[in-house]
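Right, one structure below, let's go through it.
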Amino acid sequence: MTADFPAREIYSISNQLQRASVSIASNIAEGSSRTSEKEFSRYLEYALGSAYEVETQITIASKLKYIDQKKKEEFLCKLTILEKQINQFRNKLK
């Protein structure tokens, strides 16, 4: 998605979006190695926070016209599904 962003954004919103996206999976992976469900749940919460950060960055990118409305809606739809899955998993661990 960030390949279409202006070059001046490579170290700004583009970088932040990529880092937050990677952080979602990284927090889930790190949490799965924890010894208690409570700790795992905390890392799922971190992953959820990163997902919300990605959502914010996508919204900003759309407002700046780096992505079109259709692409924004597609990404946000997929992201919403992921957020719900993380939240459901987290609730099962409680």
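The values are calculated or read from the model by the stated rules, or taken from the named source; none is laboratory data. As the structure is a computational prediction, the values presented were derived from the model and not from experiment. When we count neighbours, we look across all protein chains shown, and the Cβ atoms used for this are built from the backbone with ideal geometry, even at glycine.
For the range 31-56, which residues satisfy the criterion of being within 30 Å of GLN69 (Cα to Cα) and not aliphatic (A, V, I, L, M)? Break it down stepwise before answering.
Let us first name the residues in the range 31-56 that are within 30 Å of GLN69 (Cα to Cα), namely 44-56.
Within the range 31-56, GLU45, TYR46, GLY49, SER50, TYR52, GLU53, GLU55, THR56 meet the criteria.
In the range 1-35, which residues are farther than 20 Å from LEU48 by Cβ and of a type in the set (S, T, N, Q)?
The answer is THR2, SER12, SER14, ASN15, THR35.
Name every residue in the range 1-45 that is surrounded by 15 or more Cβ atoms within 10 Å (Cβ to Cβ) and of a type in the set (Gly, Ala, Ser), in order of residue number.
SER14, ALA20, SER21, SER23, SER26, GLY31, SER41
Which condition from (1) among the aliphatic types (A, V, I, L, M); (2) surrounded by 13 or more Cβ atoms within 10 Å (Cβ to Cβ); (3) assigned to a helix (DSSP H, G or I) is the one that ILE81 breaks?
ILE81 satisfies all of (1) among the aliphatic types (A, V, I, L, M); (2) surrounded by 13 or more Cβ atoms within 10 Å (Cβ to Cβ); (3) assigned to a helix (DSSP H, G or I) except (2).
Within the range 45-56, can one find any residue that is modelled with pLDDT of 95 or more and among the β-branched types (Val, Ile, Thr)?
In the first step, residues of the range 45-56 are kept if they are modelled with pLDDT of 95 or more; the result is 45-56.
Next, only the ones that are among the β-branched types (Val, Ile, Thr) stay: 54, 56.
There is at least one residue in the range 45-56 that is modelled with pLDDT of 95 or more and among the β-branched types (Val, Ile, Thr).
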